[in-house]
Amino acid sequence: MLDTTMPASSATNQADAADDHALVRAAAAGDVTAYERIYRRHAPRVYAVLWRLCGGHAARAEDALQEAFLQAWRALPGFRFESSLGTWLHRLGVNAALMELRANATGDARDAGEEGWESLAMLPAQDRCAGTSMDLERALETLPPRARAVLVLHDIEGWKHQEIADQLQMAVGSSKAQLHRARGLLRARLGETA
């Protein structure tokens, strides 16, 4: 007999989407409990990318998360379901983090040049081990903010250079150069030569 049931992950995704639909309608009508359920369901994933974009600074990531969910609360009545709720919240979070990045870009000396990178060569050998996600997370934290943002958005989030350039208010060529720079700095940080 042919099994016509959906795989659990696909069925779960459809149930979550239907639940999100109902939660959005209820929250848009002022149901705070529904909004809290939206927050509990989606905040961890959004926070994870914000934490990376903010260079591992928990307070900055939490501020961006709070700003994103405040924007979401205000905008829920107009949400048209052209994308999934999770995708929309994710984009609001990334935009909030990028606004923070732009606001602080002039105050971060590492973004202006290569200052501070000489300390990478001084790291103990055990800190140069490649291959663990913790090493990668720590290496991401050390990147200059704009280079880190481009790398996270392009390599982790799958954005195109044009989207990154638009969001970070830079030329497409600058986005590509920042990505190349970030990858090179990560290789140096992780002790790779290639």
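For (1) closer than 19 Å to residue 28 by Cβ; (2) of a type outside the set (Lys, Arg); (3) at pLDDT 90 or above, each residue gets a yes or a no:
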| residue | (1), (2), (3) |
| --- | --- |
| 58 | no, yes, yes |
| 62 | no, yes, yes |
| 79 | yes, yes, yes |
| 82 | yes, yes, no |
| 94 | no, yes, yes |
| 97 | no, yes, yes |
| 103 | no, yes, no |
* Asked: Does region 58-68 contain at least one residue that is of a type outside the set (Gly, Ala, Ser) and part of a loop (DSSP other than H, G, I, E, B)?
  -> no
* Structure fact -> Note on residue 40: of the conditions (1) of a type in the set (Lys, Arg); (2) farther than 17 Å from residue 16 by Cβ; (3) modelled with pLDDT of 95 or more, unmet is (2)
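The values are calculated or read from the model by the stated rules, or taken from the named source; none is laboratory data. Everything numeric in this text was worked out from a predicted model, so none of it was measured. Reconstructed Cβ throughout: ideal geometry from the backbone, glycine too, with neighbour counts over all protein chains shown.
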